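> Structure in structure tokens, see below.
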Amino acid sequence: MPIIGALRRLVFAPSLSEVSFAGRKFPVEPTDATRRLEAIPQSVVCGFEWGIDARDQWELERRLDMVDAELRGFAYEGATMAFTILDAMGPGRGTRTRDLLDGSGEPHIFLAYIGIGFAMARLPRPLWKKVLPDLASGFHPTMSWLAVDGYGFDLAYFHTDRWVDRQEVPKPYPWLGAPDYFLRAVDQGIGRALWFIHGGDAPAVAAAVERFAVHRQPDLWAGVGLASTFAGGCDAAGLGALRATAGDLGPELALGSIFAARARSYSGFVPDHTQEALRALTDLSMDGAVEIADGTAVGADAPGPVTPYEQWRQNIRERFGVPADRLTG
């Protein structure tokens with residue numbers, strides 16, 4: 001078993017140096033802020049390695065519990081990636097991912113979905129039908145679009161030349177029966193990746209978003225809002241400038257920021273930088289953001305011309321004055 005685990009790590013997981021900004025050759029100046037940001041993908045790698053090697057779920061959970069509270073969700077993200085790969089590659093349909101996310105991983109469900117997306121980026125598409133377990137969480141399956149977001153993030157982070165520089169578009173996939181929305185969720189993940197690719201440098205991130213086709217920019221801005229609020233890496237002045245640059249698409253930044261605040265609140269740990277970013281991008285407190293997120297939520301069986309996930313997003317946009325007729329996808 002140790003040999004098999006080592007082979008799986010070699011095949012599926014990058015090293016800590018490979019996910020560093022220098023290892024990815026991203027244009028990021030080393031500072032205290034960027035080093036903290038860089039610790040996030042490294043925490044994901046650690047979680048993945050623990051998940052691949054774990055003798056049982058108790059051992060994995062014990063390791064994850066030792067991770068600093070600010071980074072623990074990212075380690076769960078990596079562990080979920082590992083369990084998803086193990087479940088999908090085995091005979092039948094494994095239950096590791098379900099058991100983890102219905103247990104200690106449930107408070108980190110938002111990031112755990114992203115971990116499923118990281119697994120998708122490493123699995124052949126025919127196996128994708130096995131990656132999404134039935135979960136007890138009230139956010140399931142509506143928020144499982146974050147798995148597609150995670151897939152988009154992985155494409156941009158590890159293959160930046162294709163998906164950011166050349167702005168290629170992946171083939172659609174009928175996630176939850178909505179292949180057209182798949183590409184929008186991918187762009188939300190690419191927007192998150194831009195935050196890391198440029199080390200939280202607000203002007204560079206904004207310039208990167210604006211190099212994309214106009215119709216893709218709303219979802220990219222939403223991804224930026226989520227990453228900047230959840231992960232940090234930029235001060236209030238920089239975030240204020242980012243909001244100003246977004247202009248009419250500022251509500252997209254706010255949308256992502258509110259989802260990030262809800263995810264942090266649900267995990268039980270809210271760092272100062274999340275509250276600072278939320279104020280800069282939305283003028284809201286944590287309580288205000290959570291109230292909006294919960295008050296606009298849509299059930300998984302909600303009827304309508306769009307996915308319940310996108311309907312929820314539009315409900316949040318409307319709180320910032322965006323009319324419903326902008327609803328698409």
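Values quoted throughout were computed directly from the atomic coordinates according to the rules given, and no laboratory measurement underlies them. On a predicted model such as this, the values are computed, not experimentally measured, just so you know. Counting neighbours? That spans all protein chains shown, and the Cβs are built from the backbone with ideal geometry, glycine included.
> Would you kindly derive the ³J(HN,Hα) couplings of segment 32-49 from the backbone phi angles with the Karplus curve 6.51 cos²θ - 1.76 cosθ + 1.60 (θ = phi - 60°), listing them in order in whole Hz, with x for Gly and Pro?
Karplus-based 3J(HN,Hα) across segment 32-49 equals 4, 5, 6, 5, 5, 5, 5, 5, 5, x, 5, 5, 4, 4, 4, x, 4, 4 Hz.
> LYS171 versus PHE26, label points 7 Å from Cα toward the beta carbon: distance in nm?
The answer from the label model is 2.9 nm.
> Quickly rank 269-276, 36-43 as a protection proxy: mean count of other C-beta atoms within 10 Å, highest first.
Values: 269-276: 17.0, 36-43: 20.9.
Highest-to-lowest ranking by the protection proxy: 36-43, 269-276.
> Put one equal scatterer on each alpha carbon of segment 188-329, apply the Debye formula with no solvent term, and list log10 I(q)/I(0) at q = 0.20 1/Å to two decimals.
Debye output, listed in q order: -1.18.
> Would you list which aspartates and glutamates come within 17 Å of LYS25, measuring only between C-alpha atoms, while excluding same-chain residues fewer than 8 positions from it?
GLU38, ASP154, ASP161, ASP165, ASP201
> Which values, in whole Å and largest first, are the semi-axes of the equivalent ellipsoid of the chain obtained as the square root of 5 times each eigenvalue of the Cα gyration tensor?
Details: eigenvalues 159, 99, 75 Å².
Taking √(5λ) for each eigenvalue gives 28, 22, 19 Å, largest first.
> Can you give the relative contact order of segment 185-329 as a percent, counting alpha carbon pairs under 8 Å and 6+ residues apart? Spell out each step's value before the answer.
Numbers: 206 pairs, mean separation 28.5, N = 145.
Relative contact order comes out at 20 percent.
> Rounded to the nearest 10 degrees, what's the angle between the helix 69-89 long axis and the longest principal axis of the chain, both from Cα atoms, 0 to 90?
Compared with the principal axis, the helix lies near 60 degrees.
> Evaluate the relative contact order of the chain (contact order divided by residue number), counting alpha-carbon pairs under 8 angstrom at least 6 apart; express in whole percent. Kindly include the intermediate steps, with their values, before the conclusion.
Details: 518 pairs, mean separation 42.5, N = 329.
With pairs under 8 Å counted, the relative contact order is 13 percent.
> Still on this structure: Order these peptides, 155-167, 23-35, 46-58, by their mean beta-carbon neighbour count within 10 angstrom, highest first.
For the peptides 155-167, 23-35, 46-58, the packing ranking is 46-58, 155-167, 23-35.
> Give the lysines whose C-alpha is closer than 17 Å to that of LYS171, dropping any in the same chain fewer than 8 places away, or say none.
Correct list for LYS171: LYS129.
> Sticking with this structure for a sec: Using a 10 Å cut-off on Cβ atoms, rank the peptides 68-74, 185-191, 16-22 from the highest mean neighbour count down. Present the calculation step by step, with values, prior to reporting the outcome.
Values: 68-74: 19.7, 185-191: 29.3, 16-22: 15.6.
The peptides rank, most packed first, as 185-191, 68-74, 16-22.
> Here is a follow-up. Residue-wise, which Karplus ³J(HN,Hα) couplings in Hz belong to segment 308-315, taking 6.51 cos²θ - 1.76 cosθ + 1.60, θ = phi - 60°, and x for glycine or proline?
Coupling constants for segment 308-315: x, 4, 6, 4, 4, 4, 5, 4 Hz.
> A further question on this structure: For THR142, what charge total do you get from the other residues with a beta carbon under 11 Å from its beta carbon, if Lys and Arg give +1 and Asp and Glu give -1? Write down the numbers at each step before the final one.
Details: positive: ARG313; negative: ASP301, GLU310.
Neighbour charge sum, excluding THR142 itself: -1.
> Placing +1 at every Lys and Arg Cβ and -1 at every Asp and Glu Cβ, with all other atoms neutral, what dipole size does the chain have around its Cα centre, in debye to the nearest 20? Please list the in-between numbers first.
Numbers: 32 positive and 41 negative charges, 187 e Å.
Roughly 900 debye for the chain.
> Residue by residue through segment 189-201, which ³J(HN,Hα) values in whole Hz follow from phi under the Karplus form 6.51 cos²θ - 1.76 cosθ + 1.60 (θ = phi - 60°), with glycine and proline marked x?
With the stated coefficients, segment 189-201 comes to x, 4, x, 4, 4, 4, 4, 7, 4, 10, x, x, 6 Hz.
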